[in-house]
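Undergrad: What follows is a structure written as structure tokens; I'll ask about it next.
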Amino acid sequence: MDRFDAYLSDYLDDELSSEGTRELRRLTGGAPDRQNEVVELAQVDGLLRARFAPDRLEQDLVRRLRLCLEGQASAADTQAGVMTRIRRPARQPRARRGLRLQRMAAAAAVVVICIILLTWFRGDTRLIVARFENAPAGTSREYDHTVYEAAAGMILRSGDRVKAPAGTVLVLEGEPSRCTFQTASSAVMRITNQGVCIDLENGGLEVEAAVQPAGRCLAVLTPEVEVTVVGTHFLVRASGRESKVDVGEGVVRVADLQGSRSADVKAGMSLAVTREGDFRQQPLILEFMEAEAADLQAPMQVLADAEASGGRYIASLTGEAGRAAFRFEAPLAASVYVWARIKAPLSEADSFYAGLDSRDEMIFDLAEGRWNDTWQWTPLGVRTGKQKQDPFYYITAKRMFAVGRGTHTIDFRGREAGSRLDAVIITSNPDFLPADTVEQ
Amino acid sequence: MTERAEQTASDAEVLERIRSGDRDAYMILVQRYHSRLRSVLSFYCASSTAVEEYIQDAFVQAYVKLDRFDRQRPFLPWLKAIALNNLKDELRRCKAVSSAQEGYLRYLQLARLDQDPDALQAEARLNALDACLERLPRNQYEILHECYSRSRPLNEMAQQMQLKTSALKVRLLRLRRALRDCIALRLAAGEGGTRG
């Protein structure tokens with residue numbers, strides 16, 4: 001057998017190395033006869049594969065299609081808003097040419113995050129198909145060691161490795177879910193028997209999934225943890241030896257793959273899991289800001305008070321004037337709450353107007369019925385009515401601001417002269433309490 | 001419906017069952033046509049893994065679009081057209097980049113679709129292949145059967161046949177060449193033709 005035949009034989013027998021591939025290409029380059037030989041024998045090889053296709057291929061196909069068309073979870077297993085565990089998807093069978101195995105082995109060396117979507121056939125014909133909704137310049141998909149430039153609308157195939165700049169969006173048709181790469185990322189698409197699976201090798205992936213109807217669920221896997229959700233909005237980031245799950249809506253259950261630890265991550269919370277199995281949960285957004293560090297508009301001014309944080313606070317000594325804007329970042333859409341460290345010695349000096357992004361201004365009563373000359377933490381609230389026993393007093397309730405991903409400001413505008421503001425905490429944790437909160 | 005009745009039901013009857021809510025009936029069409037589809041796709045696509053995905057995609061897409069399909073028409077050509085369209089999409093995407101990549105050889109095979117957009121060659125050659133296989137000496141047929149149907153590793157097969165692996169590879173290569181030549185001769189003699 002000469003060299004060409006040897007390489008050709010290896011090619012047809014799925015045993016050709018990368019070096020062999022290059023060599024065979026060199027030997028066929030500019031030689032149409034040899035190119036024909038390769039193609040014709042590969043065609044015969046294909047016909048033989050089809051002719052002798054083992055029965056299991058039909059069985060596998062029927063099983064995959066049944067799962068694809070009908071879904072596997074039962075309505076009883078998964079109810080909207082209720083978390084359900086599902087089995088880890090089976091690994092892809094070894095690719096005939098052995099390339100995917102190498103890729104999976106490489107992927108296993110880094111953090112792997114899988115998103116599995118199960119569909120439930122409910123009489124309609126909607127199915128999940130993953131495709132690029134948006135593919136900025138530099139987006140590519142690699143399949144069988146071949147790199148293709150990606151374009152909007154392109155359907156993704158199992159085994160595709162996606163190189164995605166920030167802003168690349170994948171959508172799952174028939175399933176109102178969107179996956180947005182937040183940073184330059186690398187991910188491998190896999191089609192499992194259970195649905196679509198994304199192995200996030202590095203970078204950040206934001207997933208927006210609508211509330212799932214009965215029988216449909218969404219899960220995330222990493223080498224460290226299994227995450228199960230039902231209809232939520234979350235962000236997964238993989239870097240180094242840590243996976244991070246930020247939850248904007250819904251509830252996510254995270255469990256290590258040994259099943260020894262688990263945690264429910266609620267909306268507004270973030271969980272970091274290390275390879276060593278450490279679970280660290282903290283608010284998705286938690287910003288402490290001194291009032292004097294805000295963007296101020298006169299006559300809002302900085303004043304001194306030894307008992308104030310940092311010895312300084314802000315106030316407007318003119319009614320209905322002055323402004324303070326507190327800027328913060330939301331890594332994904334979430335609900336945020338604001339705590340303010342205030343001093344309101346009199347009922348005539350106990351309010352600001354407060355709003356989000358210069359909109360939705362409402363009166364913020366600093367210390368309704370709790371006027372005194374000390375600094376106290378109070379949640380930014382909104383008037384909801386008047387007290388029955390004493391109609392002079394307002395009832396207030398903690399105010400929630402719905403924010404999208406990006407930069408926002410909480411604005412305080414002067415209302416009653418002399419209302420004092422020392423510091424602000426902006427958090428996505430609805431249960432957050434500042435350490436020195438006065439019981440109310 | 002009995003198994004026999006399922007086997008003899010026309011495509012239109014099966015499609016009517018699906019339309020009336022019997023989604024399991026779709027599997028009758030899957031079992032009926034997956035093999036033909038595999039032959040066509042394998043002729044142009046070198047990766048068996050990719051072929052299985054194309055088959056699945058085609059059946060899924062056909063199912064999704066069933067409402068738009070005229071049930072009086074034969075199902076297979078429509079299914080095949082869906083699969084070929086996907087393959088052509090892939091070819092279009094490959095054209096820009098494959099010449100510089102390791103997938104070039106596979107691209108060459110896929111690019112044959114340009115000369116045969118309806119994949120008629122694949123069907124004709126499969127018929128011719130069947131005829132060629134019938135005339136193959138039994139021991140050679142067994143080599144192909146063991147290799148392709150049972151996916152046995154070549155070194156294991158060689159050991160059983162008391163051959164060196166390299167010798168077995170030579171035999172396989174010769175067999176493929178012989179089949180290629182046999183197919184060409186049959187087609188030239190007008191013994192190919194598409195199956196209905």
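Bear in mind that the values in this text are calculations on the coordinates, not laboratory data. Keep in mind the model is a prediction, meaning the values are calculated, not measured. Note that we place each Cβ from the backbone using ideal geometry, even for glycine, and neighbour counts take in every protein chain shown.
Undergrad: Beyond a 25 Å Cα-Cα separation, which of these cross-linked pairs lie in this structure: A:K163/A:K244; A:K163/B:K65; A:K244/A:K266; A:K163/A:K266? Please report the intermediate quantities before stating the final value.
TA: Details: A:K163/A:K244 20 Å; A:K163/B:K65 31 Å; A:K244/A:K266 14 Å; A:K163/A:K266 31 Å.
With Cα atoms farther than 25 Å apart: A:K163/B:K65; A:K163/A:K266.
Undergrad: Further, regarding this structure: So how do B:48-61, B:156-169 stack up, highest first, on mean other-Cβ count within 10 Å? Present the calculation step by step, with values, prior to reporting the outcome.
TA: Details: B:48-61: 22.4, B:156-169: 14.6.
Order by mean packing, descending: B:48-61, B:156-169.
Undergrad: What FRET efficiency would be calculated for the residue pair A:E307, A:E133, taking the C-beta separation as r and a Förster radius of 56 Å, to the nearest 0.05? Before the final figure, lay out the partial values.
TA: Numbers: r = 54 Å, r/R0 = 0.96.
The formula returns an efficiency of 0.55 here.
Undergrad: Here is a further query. To the nearest 10 degrees, how steep is helix B:48-64 against the longest Cα principal axis of chain B, on a 0 to 90 scale?
TA: Approximately 10 degrees, to the nearest 10.
Undergrad: Something else now. Work out the FRET efficiency for A:E329 and B:R92 from their Cβ-Cβ distance, taking R0 = 45 Å, and round it to the nearest 0.05.
TA: Values: r = 41 Å, r/R0 = 0.92.
So, using R0 = 45 Å, E works out to roughly 0.65.
Undergrad: Let me ask something else. Using 0.36 nm per residue of separation minus the Cα-Cα distance, give me the extension gain between A:D264 and A:S18 in nm, one decimal. Walk me through the numbers on the way to the answer.
TA: Numbers: separation 246, 0.36 × 246 = 88.56 nm, distance 4.58 nm.
Taking A:D264 through A:S18 to full extension adds about 84.0 nm, to one decimal.
Undergrad: What shape does the stretch B:87-184 have by the C-alpha gyration tensor, where a ≥ b ≥ c are the square roots of the eigenvalues, rounded means a/c under 1.5, and otherwise prolate means a/b greater than b/c and oblate the rest?
TA: oblate
Undergrad: Amide H neighbours of A:R312 under 5 Å, at least 5 residues apart or on other chains, H built in the peptide plane: list them.
TA: Amide H to amide H, under 5 Å and 5 or more residues apart or across chains, A:R312 pairs with A:D305.
Undergrad: Taking amide hydrogens as modeled 1.01 Å from N in the peptide plane, which residues meet the under 5 Å criterion relative to A:A321, leaving out close sequence neighbours?
TA: Counting only residues 5 or more places away or on other chains, the set is A:G414, A:R415.
Undergrad: Within 10 Å of each Cβ of B:143-153, how many other protein chain Cβ atoms are there on average?
TA: Numbers: counts 0, 3, 3, 1, 4, 9, 7, 2, 5, 0, 1.
Partner-chain Cβ atoms within 10 Å, mean over residues of B:143-153: 3.
Undergrad: Take peptide A:241-254, look around each residue's Cβ out to 10 angstrom, count Cβ atoms belonging to other protein chains, and average those counts. Walk me through the numbers on the way to the answer.
TA: Numbers: counts 0, 0, 0, 0, 0, 0, 0, 0, 0, 0, 0, 0, 0, 0.
Rounded to a whole number, the mean comes out at 0.
Undergrad: Could you give the length gained by full extension between A:I395 and A:D278, i.e. 0.36 nm per residue of separation minus their alpha carbon distance, to one decimal place? All intermediate terms of the calculation are to be shown ahead of the outcome.
TA: Details: separation 117, 0.36 × 117 = 42.12 nm, distance 4.25 nm.
So the extension gain works out to 37.9 nm.
Undergrad: Just checking the output field for B:50-59: average partner chain Cβ neighbours within 10 Å of each residue's Cβ? Can you show the working numbers first?
TA: On the way: counts 8, 6, 8, 5, 1, 4, 7, 6, 0, 6.
Counting other chains' Cβ atoms within 10 Å and averaging over B:50-59 gives 5.
Undergrad: For the residue pair A:M289 and A:A151, what label-to-label distance in nm results when each label sits 7 Å from Cα along the Cα-to-beta-carbon direction?
TA: With each label point 7 Å from Cα toward Cβ, the separation is 4.5 nm.
Undergrad: Suppose a student asked you for the relative contact order of chain B, using Cα pairs under 8 Å spaced at least 6 residues apart; what percent would you report?
TA: Numbers: 136 pairs, mean separation 37.2, N = 196.
The normalised contact order for chain B reaches 19 percent.
Undergrad: Run the quick spin-label model on A:S358 and B:R150: label points 7 Å from Cα toward the beta carbon, then report their separation in nm to one decimal.
TA: Using points 7 Å along Cα→Cβ, the separation is 7.8 nm.
Undergrad: Mind ordering A:323-332, A:418-427, A:295-304, A:358-367 by average Cβ neighbours within 10 Å, highest first? List each step's numbers first, then the result.
TA: Numbers: A:323-332: 19.5, A:418-427: 23.9, A:295-304: 14.9, A:358-367: 17.3.
Packing proxy ranking, top to bottom: A:418-427, A:323-332, A:358-367, A:295-304.
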